[in-house]
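The values are calculated or read from the model by the stated rules, or taken from the named source; none is laboratory data. Here the structure is a predicted model, which is why all the values come from computation and not from measurement. A quick note on method: Cβ atoms are made from the backbone with ideal geometry, for glycine too, and the neighbour counts reach across all protein chains shown.
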Amino acid sequence: MKKVLLVVMMFWEAALSPLLGDGSDRSVASPKWLLLEEIVACDMAADDAVAAIRTPEELAAKQRAWRAWWLDALGEMPARTPLNARVVGRSEFDGFRLENIIFESQPGVYVTAHLALPMRPRGSAALPHGESPREGRAPARPPYPVVLMPLGHSDAGILNPRYAAHLAMAARAGFAAFAWDPISQGERRQATDRKYDYTDNCSTEHTRLGARGWLVGWNYARFRIWDAVRAIDYVESRADLDCSKLGIMGTSGGGTMSAYMQAFDPRIKVAFPNCYVSSLREVIGARGCHDAEQFFWNMLPNGFNHAAILAMGQPRVALATGSRWKDYFPHAGAVATFAVFTNMTARLGFAGPYWHFSCDGPHGLPPSTRAAQIDWMRHCILGASAPKPLGDYHVLDRVGTDAKDPCHAALPFPAEATFCTPTHQVRDLSGFKSVYALIADEARRRAKERKPRTREELREIVRRRAGIRPLADLPATVQKPFDHPKFGWWYLKGVYGTRRENEAAMLATLGRSVVGRDAENIIIKAAAQVKANGGKPVPLEAKGWDCIVAAHAYAAEPQLFSEVRFSEPPPSWTELVTNPDPARDSYAIAVWGALKDYDWPDLIH
């Protein structure tokens, strides 16, 4: 019989019939909706698991299980090392004093931060020494109560006017307000070679780092969370700050970190995440997965969704959530998740308090939310009256705002008053260690520590890591890719385009990968040809990036293939991760944590 050659094609359109219908077709036959329907079902099951909690003891058991899974999904957290913190600048403004600070969350990982401290407004009088402040009034002298203010996504970092205005507003309300530049924002760009700087949005670099860390089993949130943990360590080290009732509030990416930290760090007692909490079925259903720190490998089958994240802080945290209509994080999902959460807390007899604040869209930090967050902190930390009715805050959005930008704010200090470094970038400091370098070091360490694997060991590892099912469990026909015209990855084109990147992220929430799915398709086609060939194995040929998928198919079912022929294969994953050029960073060619066990060329040697 004539030899049959199996040619691998990553894009299956040439071999498969076109997708059924348009975006309105919700037929169960349409792969556009099968993936979403699975995400919806898993997210609702995770909500149901929270709703099923009946006692504080059951909640504590769930919290332990969630945390153990989360720590594994984040990757091993770094060790606590010396902060080497120093104040590098001080300025005074009307109602607050600003300190510029640098600390190291890991050796050489410099974090630029800003502490706004209350200062008596010009012409006002302080309370007499020893006099107790009235209810809801911050102390006139240190130690000051502390509110952490993680920033949202903005290239400018603290020089984004709405975040800067909020920092000043918190200080004038009597809080020591502490904000730090997130990775890739403000003074924390990571590429040491400027030709590799992101050019469009800080989230581009976040996503590149996320794709690189994916291979060593690190979620990008690992770095963001550790920066926040060390930020708390810093404020706790200062005698002029009172962290006994520590609060955290942020919006968008800062809302993400506010939700995460109330779940992750027991020192947080009050939280107000804004423009993040929703439901994964609403978020992903509206536009696919978001930023690199906002999805985790295999999260939904493990019941880890927004309701679980909120539940992890209970009964310790007084919690408010904020949402906006026409937002990236849909309001309907926020309402549904908050209902699951408050029903659980009521059933368990937790006092809270709890609050859901909402206002008109679009996404951002309008005056109403700034005021609501400050009032929530004053209520929970200082004992002030409960926040006002929603309508009283909404008036702020209709008076004195720019119609083109309802979140507009004036910068409360000149840019030069905020700079922590001589060149305005930490990468120019002596001893700087980029996140790129941390990931590369981990990849090299894994390469040195990996032991040779037998063919059978590799088969089991590849199946587990890439999500490849045994041949007997595969469907008879190949699986079509998710290809919704409105779904694109905002930040990362990858090697196959934005839609494939978003599909990789969506599959990841279910514990699967594009590599694994496409390897299964190769196996399905190969098995059919072997059968037609009278049981004789067939050659396997691939070119370029398709070699990664083909290698996984071969490792999972080697008996189907008589030989493997690769042309123009890409570099190994280790080489990609240690190369400073980010152009090839891609979730679609990555397998979560694979470098702990193998590099892709190992599969065919």
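Some points to look at:
- The one condition in (1) hydroxyl-bearing (Ser, Thr, Tyr); (2) closer than 25 Å to Asp233 by Cα; (3) not assigned by TED's automatic domain parsing to the domain that holds Phe413 that Tyr196 fails to fulfil: (2)
- From Ala231, Ala177, residue being in contact with a Phe, Trp or Tyr (Cβ under 7 Å, 6 or more places away or on another chain) and assigned by TED's automatic domain parsing to the domain that holds Asn305: Ala231
- Sub-8 Å Cβ pairs linking a first residue in region 35-47 that is touching a residue at least 24 places away in the same chain (Cβ under 8 Å) to a second residue that is of a type in the set (Val, Ile, Thr) and part of a helix (DSSP H, G or I), at least 6 apart or interchain, are Leu36/Ile284; Ile39/Ile284; Ile39/Thr509; Cys42/Thr509; Asp47/Thr337; Asp47/Val340, ordered by first then second residue.
- Figure legend. Inter-residue proximity from region 522-549: first residues over 19 Å from Leu603 (Cβ atoms), second residues part of a loop (DSSP other than H, G, I, E, B), beta-carbon distance below 8 Å, spacing 6+ or different chains. Indicated pairs: Gln529/Val4; Val530/Lys536; Val530/Pro537; Ala532/Val4; Asn533/Met1; Asn533/Val4; Gly534/Met1; Lys536/Met1.
- Screening Arg446 with (1) among the charged types (D, E, K, R); (2) at pLDDT below 95; (3) under 27 Å from the mean Cα position of the chain (by Cα) gives one miss only, at (2).
- Pairs with Cβ under 7 Å, 6+ apart, first in region 565-582 and under 14 Å from Tyr196 (Cα atoms), second part of a helix (DSSP H, G or I) and aromatic (Phe, Trp, Tyr): Pro580/Tyr196; Pro580/Tyr436; Asp581/Tyr196; Pro582/Tyr196
- Test: residue in region 14-31 that is modelled with pLDDT of 50 or more and in a helix (DSSP H, G or I): yes
- First in region 586-605 and farther than 10 Å from Gly217 by Cβ, second anywhere and at pLDDT below 95 and among the β-branched types (Val, Ile, Thr), Cβ under 7 Å, 6 or more apart: Ser586/Val495; Ala588/Val495; Ile589/Val495
- Evaluated against (1) modelled with pLDDT of 95 or more; (2) surrounded by fewer than 21 Cβ atoms within 10 Å (Cβ to Cβ); (3) in contact with a helix residue (DSSP H, G or I) (Cβ under 9 Å, 6 or more places away or on another chain), Pro143 falls short on exactly one condition, (3).
- Some residue of region 279-295 being within 12 Å of Pro150 (Cβ to Cβ) and at pLDDT 95 or above: yes
- Of the residues making up region 231-248, not a single one is of a type in the set (Lys, Arg), under 21 Å from Val277 (Cα atoms) and touching a residue at least 12 places away in the same chain (Cβ under 8 Å).
- Within region 328-344, tally of residues that are assigned to a loop (DSSP other than H, G, I, E, B) and surrounded by fewer than 24 Cβ atoms within 10 Å (Cβ to Cβ): 2
- Of everything listed in (1) surrounded by fewer than 21 Cβ atoms within 10 Å (Cβ to Cβ); (2) within 25 Å of Ala583 (Cβ to Cβ); (3) among the acidic types (Asp, Glu), the single unmet condition for Glu457 is (2).
- When the residues of region 552-587 are filtered to those that are in a helix (DSSP H, G or I) and β-branched (Val, Ile, Thr), the one that is nearest to the chain's Cα centre (by Cα) is Val577.
- Residue in region 471-487 that is surrounded by 13 or more Cβ atoms within 10 Å (Cβ to Cβ), modelled with pLDDT of 95 or more and in contact with a Gly (Cβ under 7 Å, 6 or more places away or on another chain) present: no
- His363 assigned by TED's automatic domain parsing to the domain that holds Cys407, at pLDDT 95 or above and not in a helix (DSSP H, G or I): no
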